[in-house]
Each structure stands twice: as C-alpha cells, then as structure tokens.
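Only the coordinates and a few stated rules stand behind these numbers; no lab work does. Everything numeric here is computed off the predicted structure, so don't read it as measured data. Glycine also receives a Cβ, built like all others from the backbone with ideal geometry; neighbour counts cover every protein chain displayed.
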Amino acid sequence: MNHDIVFSRLNEFMIELPSWGFADTGTRFGKFNQDAAAVTVDEKLADAGHVNKLCGCCPTVAVHVLWDFKPDQAAAEVAKLARSSGVRIGSINPNVFQDQQYKWGSAGNRSSAIRKHAVEHMLDSIAIGKEVGSNLLSLWFADGINYPGQSDIVARKRWFTESLKVLHAALPPDMTMLVEYKPFEPAFYATDIADWGMALLLARAAGPQAKVLVDTGHHYQAVNIEQIVAWLLDENMLGGFHFNDRKYADDDLTIGSIDPYQIFRIFCEIENHRFRTGSVPPIAYMVDQSHNLKPKIEAMLQTVDMAQQLYAKACLVDRKALAASQENEDLVQSENILRGAFLTDVRPLLAEWRSSGGLPADPLAAHRQSGYEARAAKDRLAKHGKKAGGAYA
Ligand SMILES: [Mn+2]
C-alpha cells in the first residue's frame, strides 16, 4: 500500500458542503424538525465551519441564492460570515424552480418574458459569485413536461440552448458553469435535461466553460454511472459531482449508505484517467443530500468520512498490475485487483492522515464529545422558538 500517494490524493480531495444540508428538510409528506438544525445562513455557515474544522477537507459551502441571500443583505456580507466561520462560499446555485411564474418552466418556458426573468436571476447569480469570490455557477432546472403533447420538446431544447449561451457569455474567465441533469421529478413525462447526453450537448453549445455535473442520485437504477464519468472525463466535459446515495430514485441519502461499491467504481475511473493521461482536470466534489432524519452535522461527518474512505480505496488500485491483467484477458484477476482495493480497510490510514494534519482521528467521536449539537439546539431554540412542523403537500 503506497501511503504517500494516498496521502497526497487526500490532501487534494476537497468536498464542498451544501448550506441546505444543515437545515430542516423533509419529504413531500412532512418535515420533522430538529432543534439543532440551522435556520439562518450564519447558522448554516457555522455548522459547515464546525465540520471543516473536524475534517479539514471541506473549505467551501454551496449556497442557494434564494435560500441563503436576503434581498437586503449584501452578498459580500455572507462571504464575510463564511470567513468568520472558517469557510468560503463555493458554488452558487440559482433558484428558478419555486416561484409561481415557473409553473410551466424557466429556461424552457414558452413565454419569452419568463425565460428572460429566469436568465436575469441566473445573471444575478453570476454577479453574486463574482462578489463572493466563487468560481462555480451550478445549474439545475426543474423544467419539463408532465404529459405527452403538453409542449414541443425540440422548441424547449432550443430555448434552453439560447438561455445557456447568454449565461455563458456573462461568465468571468475563471468561472465554470455546471449543467446538472435528472431523469424525472418534478417533471414526470419529459424532463428538459434528463440525462448526461442532453447536459453534454447543452454545455457544448453554451461554450467552453460549461461542463456536466453528475449527481449520483440522478440516474435510473441500472445505469452505469462510472461509464458516464469515464466518457465525460475523456471528453474533458466532467465538471463535478453531487454526492448522495439512493435505493429507489433521487433519495438523497448519505453517500455510500446503500452502495459504496458504486461510488468506489466512480473514483476508480477518475484515478484511471489520471493513470492514462497523467492528470485529472478540476472536479468540483460537492455534497447534495437531504438529511431528513439523521442529525445534520453527524450525517455530514459520516458523508465526508465515507467519501474519503472510498476515494482512498480507489487510489490503492494497482493500475499497472490491472493493465497487465487486462492485456492477458484475465478478467478474474482484473476484478480481484479492484475488489482487493475495495475490501482493504483504509480506516487506520485515514486516521493517520488526519493525525498528521492535526485533525481528530475520529471526527464523529470528536463532534459527539464537543457538545456542539446540544449547544446549538439550546441557542437556536432560544432564538427561533419551537419550530412548527411543515408539509410540502
Ligand atoms: Mn444535485
């Protein structure tokens, strides 16, 4: 086992936390509040800062424009709040899916006025990004249609292309625009950006700073996600990930909770790309999870730990031995090389890496000992009162 290589990869493996992962969330049937859950943006940033302090690899926080920036609050002020919590603002996520005007879509809406409104909100998001020093605009659209015949599929594709081109033209040179796809929900017949092929075509049409964002939960059950990742890397079109896991659909469970081997195989393709080409392009590793029942911070610590373990395992694959065994068509040995790495217990190695950086060897245990959650619950209960239950329906 080459410790040095794993250590240097872990040094570079940074994971962005989502502000929304610290807030109360639920399903469309209901929401069960937690006293310690963050309500305000400064609470979300404080929680993210606490996780970063324990893990040392989560220096940025993804923000949702409508949820995290108040109209009367300067974006720079949020950036300052982040800094005071020991983190920076990462990807900027516009929100063009919850206002009433988006009933028939945003960038795919037949109304040019509504498309323009959506584009303006996304241009404002680029401006916010510039102001807070972010270099990532992360786009996800709820656009699509629910019934056959409802709208013209190709017209919507063209409206999307036009809007993304306008956005791309406004990007500063160091900003990347990420285009995320999802097969269904909330649209149930034809989602406008339903898969990686559609995202790839739209990103290519938009311009060279647009890349594809792979959300690990946004695929049908049988889809080979690592193959998509390998192709996107080879086309220099992979921009980043949204980490989560699922058993059924877009369940937003903590990464690796259901199928850690899947995430390991994705990381293997990234390391295989490095082996093949000598480098890996910048990839934004971001968490996109909804912790409905788990305590938010514990879920995040579990997520970061699992992502690091699976990435470290992928770094253990003996690429030269694998290439030789592939050359001999020795499929049993080839598979065993992958499985050998996957089945290696990297927890002692990870603990050693953390200790070498002055971090707690077991971040979850350190969090439980810190009393942070009980303090947050007490302070937030005093500040916000007992929260009423919520429902989506
Ligand atoms: Mn996502």
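A few notes on this one:
- Modelled FRET efficiency - R0 30 Å, A205 with W67, Cβ distances, 0.05 increments: 0.55
- Virtual paramagnetic centre 7 Å along Cα→Cβ of D4, amide N under 17 Å, in segment 338-353: 353
- In nm, spacing of pseudo-spin labels at D152 and K320 (7 Å Cα→C-beta vector): 6.0
- Histogram of C-alpha separations across segment 3-124, 5 Å bin width, %: 2, 10, 16, 17, 15, 15, 12, 7, 4, 2, 1, 0
- Value in Å of the Kirkwood radius, where the chain supplies the Cα pairs that are averaged: 21.9
- Paramagnetic label zone (point 7 Å from Cα along Cα-to-C-beta, Q100; backbone N under 12 Å) in segment 116-156: none
- Centre separation in Å (Cα based) which lies between segment 236-267 and segment 1-35: 12
- Ascending count of other beta-carbon atoms within 10 Å, so fewest first, for M122, M300, M14: M14, M122, M300
- Here each label is just a point 7 Å from Cα along the line to Cβ, and for K165 and E185 those points are 3.4 nm apart.
- Net length gained if the chain between A388 and Q227 were fully extended (0.36 nm per residue, minus Cα distance): 53.5 nm
- Annotation for segment 234-334: chymotrypsin sites (Phe, Trp or Tyr not before Pro) lying in DSSP loop with at most 10 further Cβ atoms inside 10 Å of their Cβ are Y248.
- Relative contact order (percent, whole number), the chain, Cα cutoff 8 Å, 6+ residue spacing: 20
- Across all directions, the average projected area of the convex hull around the alpha carbons of segment 119-246 is 8.1 nm².
- Per residue, the convex hull around the alpha carbon atoms of segment 178-244 comes to 82 Å³.
- Count of lysine pairs in segment 93-237 with Cα separation under 16 Å (8 or more residues apart, or interchain): 7
- Whether segment 62-129 is rounded, prolate or oblate, judged on the alpha carbon gyration tensor where a/c under 1.5 counts as rounded: prolate
- Between segment 53-130 and segment 320-384, the alpha-carbon center distance in angstrom: 30
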